[in-house]
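In what follows, a single structure is set out as structure tokens and then discussed.
The values are calculated or read from the model by the stated rules, or taken from the named source; none is laboratory data. Every value quoted in this text rests on a predicted model; they were computed, and no experiment measured them. With ideal geometry, Cβ positions are generated from the backbone for all residues, glycine too; neighbour counts draw on all protein chains shown.
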Amino acid sequence: MGQYAVYRDKRVVVTGAASGIGRQAAEFLLADGAKVIALDRNPSDLKVEQFIAVDFTQPETIVAAVKKIDGEIDVLLNIAGVPGTLDPEVVMRVNVLGLRLLTDLLIDRIRRGGSVTHVASIAGAQWAAHLDEVQRLLATPDYETGVAWVKDHPMDGKRAYDFSKECVVVMAKQQGHWLRERGVRVNTVSPGPVQTPILKDFRESVGPLLDLVTRETGRDATATDIARVILFLSDPSLEWLNATDVQVDGGFMSGLVGGWVKLG
Ligand code: NAI
């Protein structure tokens, strides 16, 4: 990754940079010569250009964080996220509403040729089946009305996680369309299970289906497997790759489509 050199001197905002996939992406970017601005609720142990503490459950910390970022940026990587073992409103605040607010606040500062990559999940793969509900949440104009919508539509933690990732996939398709003329691409990466600290929470909330994914594919992904794809998608030279979702799951989802993986 150090020889990739497409990110040399690029200014890249990475959320979730303190752990797991976000930390790995930030490490690759630093090795490639990028100037990394790390946002997380926990401090980063990497030698980044700037670390800014933010809590995506608290919108005022997102507004304050954006004020601390000077000038233009090239790439935004929205990687921070929480599992369905947490309170459903927290899941929606972090995975969707905070991600959306940060993106909205930074969008005018992304240079032409730049990109935004959100991390979704194969848990969000059923977005088309729930498109009406997803679009209703995404139609809320801001963070607080989004929270009000969530309070009016109670879900359990597992459904809140799946729904949050459905929202992220659809949001990227909308944003990619809206921002096309500005020369800014927006895509999602949807991992299957990844060996990071939150995998144990996913095993708890998802149950045997996750074991099936691991059994069928032979192993869980590493953070490296996923970070490489995030950086590939965000590469400024990939001008024609926009508003799409890339599943990085060792081929598990194709097994469902092909019928050779059976659920239940
Ligand atoms: P992780 O737990 O290692 O990293 C998540 C990061 O998000 C942490 O640094 C954490 O401090 C930060 N974060 C959490 N809540 C926050 C908040 N309120 N404010 C600011 N920062 C916050 O987990 P991992 O696996 O690296 O997760 C990265 C993304 O990948 C998440 O969006 C997750 O949903 C997604 N994902 C992970 C999978 C897995 O099996 N690990 C599978 C599919 C998707």
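Quick notes on this one:
- One residue from Pro43, Pro88 being more than 9 Å from the ligand (Cβ to nearest atom) and either basic (Lys, Arg) or under 18 Å from Lys165 (Cβ atoms) (or both): Pro88
- Identity of the residue in the stretch 55-74, closer than 21 Å to Val91 by Cβ, free of Cβ contacts under 8 Å to residues at least 24 places away in the same chain and not in a loop (DSSP other than H, G, I, E, B), that ends up nearest to the ligand (Cβ to nearest atom): Thr61
- Conditions (1) more than 12 Å from the ligand (Cβ to nearest atom); (2) closer than 20 Å to Asp245 by Cβ; (3) in a helix (DSSP H, G or I); number of the one not met by Tyr161: (1)
- Residue count for the stretch 204-221 under the criterion of being at pLDDT below 95 and either within 9 Å of the ligand (Cβ to nearest atom) or touching a strand residue (DSSP E or B) at 6+ places or on another chain (Cβ under 7 Å) (or both): the result is 1.
- Near pairs, Cβ below 8 angstrom, 6+ apart or cross-chain, from the stretch 212-228 (assigned to a loop (DSSP other than H, G, I, E, B)) to any residue that is at pLDDT 90 or above and away from the ligand (no atom under 11 Å from the Cβ): Gly218/Gly250; Arg219/Gly250
- Number of residues in the stretch 146-159 that are surrounded by 13 or more Cβ atoms within 10 Å (Cβ to Cβ) and out of contact with any Gly (no Cβ under 6 Å at 6 or more places or on another chain) equals 7.
- Residues that are free of Cβ contacts under 8 Å to residues at least 40 places away in the same chain and either within 16 Å of the ligand (Cβ to nearest atom) or out of contact with any Cys (no Cβ under 8 Å at 6 or more places or on another chain) (or both), drawn from the stretch 112-135: Ala128, Ala129, His130, Leu131, Asp132, Glu133, Gln135
- Residues of the stretch 1-40 classified as over 23 Å from Pro191 (Cα atoms), in a strand (DSSP E or B) and touching a Phe, Trp or Tyr at 6+ places or on another chain (Cβ under 6 Å), total: 0
- The set of residues from the stretch 172-186 being surrounded by fewer than 24 Cβ atoms within 10 Å (Cβ to Cβ) and either within 16 Å of the ligand (Cβ to nearest atom) or not in a helix (DSSP H, G or I) (or both) comprises Leu179, Gly183, Val184.
- Members of the stretch 123-162 that are out of contact with any Phe, Trp or Tyr (no Cβ under 9 Å at 6 or more places or on another chain), of a type outside the set (A, V, I, L, M) and under 22 Å from Ile62 (Cβ atoms): Pro141, Asp142, Tyr143, Glu144, Thr145, Gly146, Trp149, Lys151
- The stretch 187-202 - residue that is within 7 Å of the ligand (Cβ to nearest atom) and assigned to a helix (DSSP H, G or I) and, of those, surrounded by the most Cβ atoms within 10 Å (Cβ to Cβ): Phe202
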